[in-house]
1. Please go through the stretch 25-43 and give me each residue that is assigned to a loop (DSSP other than H, G, I, E, B) and closer than 18 Å to Arg59 by Cβ, ordered by number.
2. Would you point out which residue out of Phe92, Phe49, Phe122 is part of a helix (DSSP H, G or I), under 28 Å from Phe216 (Cβ atoms), touching a residue at least 12 places away in the same chain (Cβ under 8 Å) and out of contact with any Ser or Thr (no Cβ under 6 Å at 6 or more places or on another chain)?
3. Output the residues belonging to the stretch 185-211 that are loosely packed, with under 15 Cβ neighbours inside 10 Å and either assigned to a helix (DSSP H, G or I) or touching a helix residue (DSSP H, G or I) at 6+ places or on another chain (Cβ under 8 Å) (or both).
4. Within the stretch 125-154, restricting attention to residues that are touching a residue at least 24 places away in the same chain (Cβ under 8 Å) and among the polar types (S, T, N, Q), which residue is surrounded by the fewest Cβ atoms within 10 Å (Cβ to Cβ)?
5. Which condition does Asn124 not pass, out of (1) of a type in the set (S, T, N, Q); (2) at pLDDT 90 or above; (3) in contact with a Phe, Trp or Tyr (Cβ under 8 Å, 6 or more places away or on another chain), if it passes all the others?
6. Starting from residues that are more than 20 Å from Lys170 (Cβ to Cβ) and of a type in the set (Ser, Thr, Tyr), keep the ones in the stretch 1-51 and report whichever is surrounded by the most Cβ atoms within 10 Å (Cβ to Cβ).
7. Return the pair list, or none, for Cβ contacts closer than 9 Å from residues in the stretch 195-218 that are of a type in the set (Ser, Thr, Tyr) and at pLDDT 90 or above to residues that are surrounded by 11 or more Cβ atoms within 10 Å (Cβ to Cβ) and part of a strand (DSSP E or B), at least 6 apart or on different chains.
8. Check Arg68 against each of (1) surrounded by 13 or more Cβ atoms within 10 Å (Cβ to Cβ); (2) of a type in the set (D, E, K, R); (3) more than 17 Å from Asp8 (Cα to Cα) and name the one condition it does not meet.
Amino acid sequence: MVDESYADNFCAICVVCIQGKENLTLLNDQIRQISVDPAVNIHDLAKIFHYNEASIGGRQSIASWIYRMPISVYCVISKSNVSKSKQTQDEFAYKTLFPELVKPLRQKFFNRFHGEKISIRFENLNNKLDTDTLFFKEVLKDIPEISVSVVSKENDQLIFLPDYFLGFIKDHLSKGKLVTWPTDLLKLLSGKIGLLLFKDASETRRYGRGDEIAKFLS
């Protein structure tokens with residue numbers, strides 16, 4: 001599952017991976033449990049979870065569920081200025097940043113699950129899903145054996161996951177030590193993060209699972 005995020009001096013792509021049908025079944029069951037969790041409902045969270053619309057308490061409640069989910073997370077981030085044009089932002093995010101993740105991940109999972117189908121779900125960029133589908137297929141045209149679908153939060157309950165990781169990371173980077181809760185929640189979820197890439201014009205910095213991610217959060 002893939003989503004993007006933009007802000008001043010921030011553009012990022014997050015990929016959340018689910019490996020195997022058993023884990024997908026478990027995730028869907030967890031989503032059903034979240035919908036009746038009093039700790040979630042007390043914050044008046046809608047069934048459609050959106051990081052920017054949730055209170056801090058709501059984000060904390062959702063994070064405790066994400067902590068238990070069988071997922072792996074990969075992000076690539078640019079802290080350079082990004083155009084205010086939505087079209088230019090999308091082009092930069094998916095044609096410049098996204099390949100930094102999808103190519104190695106495709107090879108990793110193809111080698112591990114040879115012959116199994118790799119499916120990527122993108123969150124919609126606008127209300128024209130057919131147009132978005134053509135855009136994402138163009139992005140992936142040189143990467144074989146991947147199926148593409150475009151979903152919205154209204155019709156795919158799991159697509160909120162990359163949105164939440166992007167929100168936590170963006171708040172951690174922008175607020176730093178001024179506000180500790182985004183970092184605290186990222187520390188809780190750090191075991192889910194397999195890779196963070198920071199890309200700019202001169203270099204790409206890499207933080208891998210374990211000690212490197214812990215260093216990034218320290």
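The values are calculated or read from the model by the stated rules, or taken from the named source; none is laboratory data. This one's a predicted model, so the numbers in the text were calculated from it and none came from an experiment. No Cβ is skipped: glycine too gets one built from the backbone with ideal geometry, and neighbour counts run over all protein chains shown.
1. Step one: list which residues in the stretch 25-43 are assigned to a loop (DSSP other than H, G, I, E, B), which gives 35-37, 42-43.
Scanning the stretch 25-43 gives Ser35, Asp37, Ile42, His43.
2. Working: Phe49 fails: part of a helix (DSSP H, G or I); Phe122 fails: part of a helix (DSSP H, G or I).
Step by step, each of Phe92, Phe49, Phe122 is checked, and only Phe92 is part of a helix (DSSP H, G or I), under 28 Å from Phe216 (Cβ atoms), touching a residue at least 12 places away in the same chain (Cβ under 8 Å) and out of contact with any Ser or Thr (no Cβ under 6 Å at 6 or more places or on another chain).
3. Keep residues of the stretch 185-211 that are loosely packed, with under 15 Cβ neighbours inside 10 Å, which gives 191, 200-206, 208, 210-211.
Scanning the stretch 185-211 gives Gly191, Thr204, Arg206, Asp211.
4. Of the stretch 125-154, the ones touching a residue at least 24 places away in the same chain (Cβ under 8 Å) are 125, 135-136, 139-140, 143, 145-154.
Narrowing the set further to residues that are among the polar types (S, T, N, Q) leaves 147, 149, 152.
Values: Ser147: 11, Ser149: 13, Ser152: 13.
Among them, the one singled out is Ser147.
5. Only one criterion in (1) of a type in the set (S, T, N, Q); (2) at pLDDT 90 or above; (3) in contact with a Phe, Trp or Tyr (Cβ under 8 Å, 6 or more places away or on another chain) is unmet by Asn124, namely (3).
6. Only one residue tops the list, namely Ser35.
7. Every condition considered, the pairs that remain are Tyr207/Ile193; Tyr207/Leu195; Tyr207/Leu196; Tyr207/Leu197; Tyr207/Phe198.
8. (1)
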